[in-house]
1. If we keep just the residues of region 119-145 that are assigned to a loop (DSSP other than H, G, I, E, B) and touching a strand residue (DSSP E or B) at 6+ places or on another chain (Cβ under 6 Å), which is nearest to Gly21 (Cα to Cα)?
2. Could you pull out the residue among Asp279, Asp215, Asp297 that is among the charged types (D, E, K, R), assigned by TED's automatic domain parsing to the domain that holds Ser182, surrounded by fewer than 24 Cβ atoms within 10 Å (Cβ to Cβ) and within 25 Å of Phe167 (Cα to Cα)?
3. Quick test of your reading of the structure: Ser182 fulfils all but one of (1) touching an Asp or Glu at 6+ places or on another chain (Cβ under 9 Å); (2) modelled with pLDDT of 95 or more; (3) in the same structural domain as Pro280 (by TED's automatic domain parsing). Name the failing condition by number.
4. Here are some conditions: (1) of a type in the set (Ser, Thr, Tyr); (2) within 19 Å of the chain's Cα centre (by Cα); (3) surrounded by 22 or more Cβ atoms within 10 Å (Cβ to Cβ). Ser182 meets all but one. Which one does it not meet?
5. Select from region 218-266 the residues that are in contact with a helix residue (DSSP H, G or I) (Cβ under 6 Å, 6 or more places away or on another chain), outside any loop (DSSP other than H, G, I, E, B), under 17 Å from Val164 (Cβ atoms) and of a type outside the set (Asp, Glu) and list them in ascending order.
6. Taking region 71-88 only, how many residues are farther than 26 Å from Glu114 by Cβ and out of contact with any Pro (no Cβ under 9 Å at 6 or more places or on another chain)?
7. Kindly provide the set of residues from region 288-302 that are closer than 21 Å to Gly28 by Cα and in contact (Cβ under 8 Å) with a residue 24 or more places away in the chain, ordered by number.
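The values are calculated or read from the model by the stated rules, or taken from the named source; none is laboratory data. Note that the structure is a prediction, hence the values are computed from the model and not measured. Here the Cβ is made from the backbone with ideal geometry for all residues, glycine too, and neighbour counts use every protein chain on show.
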Amino acid sequence: MSGPSKPTPFRILVIKLGALGDFVQAMGPAAAIRAHHPADEITLLTAPAFAELAKSSPYFDRIWLDDRPGWLRPLALWRLGRKLRRENFARIYDLQTSDRSGLYFRLLGRDRPEWSGIAAGSSHPHANPDRDAMHTIDRQAEQLAMAGIVSVPAPDLAWAARDVSRFRLHGKFLLLVPGGASHRPEKRWPTARYAEIAQLAAQRGVTPVIIGGADETAIGAEILRACPAARDLTEQTSFGDLVALGRDCLYALGNDTGPMHLIVAGGADASVLYSGASDPDLTAPRGRRVTVLRRPDLARLSVAEVVATLPLG
């Protein structure tokens, strides 16, 4: 005599596109969604830049990459709509809550699944008129609470950490993240001041380690010229490397940029520098000890003010 049959798993879709920091801050909600749907099949619709990170996470069974079709690509848009409808999702968690994800809601037609988000007609709307004034983490937690998920952990990306032994970092090291989006120079603290911090750290027996992408190689070289004891890892680290370096470092210092979110999610204590171009009350990384220093013009933030937040004594 056969035992009771297992219930057929539901299909769940999570939508999260956005920038790197936004993606990292959505990993707490992703963990909560997985805990709420332990036996269901969860698909993530995300940007190609986050494919590798998403595939290594324990929260999703499938990853769909969004190539952002719009009204100027009607065939691609029609194909995406057909794909969404064919999957017969039981519920969709829209963690993007943008005009684009609202468009995807409309592509589902009249027979839509349950939808957690802000699109007009959502079955589980985030019905808070002040949602845009909330920190991303708080906003998404409240959105999920209104969909029946009441416990949302902080983002923890320990699962993403990679082996960083190849960098041969021994002893205490200070991560420096002096870059940021090239089209937002107002969000960068002057490179010369990062160089001063590097020199001070080296004098106190702490190795400065410079992190950045292809756009930051010149910055890394400038700091290295001023402080030959530093290690320049610009253009050498993956997302998983940043998580591991955040786990292992003494401290991290950087601008308001996506890699700082990965480093803090790895466990780093950190100081994050904000200009008037963005609001830390809405977007700052959260961790055990995160100090936010903000000035309308970052050029007015002194080295002494930053040093006071660092464990270099």
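1. Initially, region 119-145 is screened for residues assigned to a loop (DSSP other than H, G, I, E, B), giving 119-123, 126-130, 134-135.
With touching a strand residue (DSSP E or B) at 6+ places or on another chain (Cβ under 6 Å) added as a condition, the list becomes 122-123.
On the way: Ser122: 26, Ser123: 28 Å.
Filtering first and then ranking leaves Ser122.
2. Working: Asp279 fails: within 25 Å of Phe167 (Cα to Cα); Asp297 fails: within 25 Å of Phe167 (Cα to Cα).
Being among the charged types (D, E, K, R), assigned by TED's automatic domain parsing to the domain that holds Ser182, surrounded by fewer than 24 Cβ atoms within 10 Å (Cβ to Cβ) and within 25 Å of Phe167 (Cα to Cα) holds for just one of Asp279, Asp215, Asp297, which is Asp215.
3. Among (1) touching an Asp or Glu at 6+ places or on another chain (Cβ under 9 Å); (2) modelled with pLDDT of 95 or more; (3) in the same structural domain as Pro280 (by TED's automatic domain parsing), the lone unmet condition for Ser182 is (2).
4. Answer for Ser182: the failing condition is (3).
5. Initially, region 218-266 is screened for residues in contact with a helix residue (DSSP H, G or I) (Cβ under 6 Å, 6 or more places away or on another chain), giving 219, 222-223, 226-227, 229-230, 232, 234-235, 239-240, 242-243, 246, 252, 254-256, 258-259, 261-263, 265-266.
Add one more test, that the residue is outside any loop (DSSP other than H, G, I, E, B), and what stays is 219, 222-223, 226, 232, 239-240, 242-243, 246, 252, 254-255, 258-259, 261-263, 265.
Those still in the list that are under 17 Å from Val164 (Cβ atoms) too: 232, 239-240, 242-243, 246, 252, 259, 262-263, 265.
Answer for region 218-266, where residues must be in contact with a helix residue (DSSP H, G or I) (Cβ under 6 Å, 6 or more places away or on another chain), outside any loop (DSSP other than H, G, I, E, B), under 17 Å from Val164 (Cβ atoms) and of a type outside the set (Asp, Glu): Phe239, Gly240, Leu242, Val243, Gly246, Ala252, Pro259, Leu262, Ile263, Ala265.
6. 4
7. Scanning region 288-302 gives a single hit, Val290.
Residues are listed down the side, and each one gets a yes or a no for (1) charged (D, E, K, R); (2) in a loop (DSSP other than H, G, I, E, B); (3) closer than 19 Å to Thr237 by Cβ; (4) in contact with a Lys or Arg (Cβ under 7 Å, 6 or more places away or on another chain):
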{"site": "Gly148", "(1), (2), (3), (4)": "no, yes, no, no"}
{"site": "Pro153", "(1), (2), (3), (4)": "no, yes, no, no"}
{"site": "Asp163", "(1), (2), (3), (4)": "yes, yes, yes, no"}
{"site": "Leu176", "(1), (2), (3), (4)": "no, no, yes, no"}
{"site": "His183", "(1), (2), (3), (4)": "no, yes, no, no"}
{"site": "Trp189", "(1), (2), (3), (4)": "no, yes, no, no"}
{"site": "Ala192", "(1), (2), (3), (4)": "no, no, no, no"}
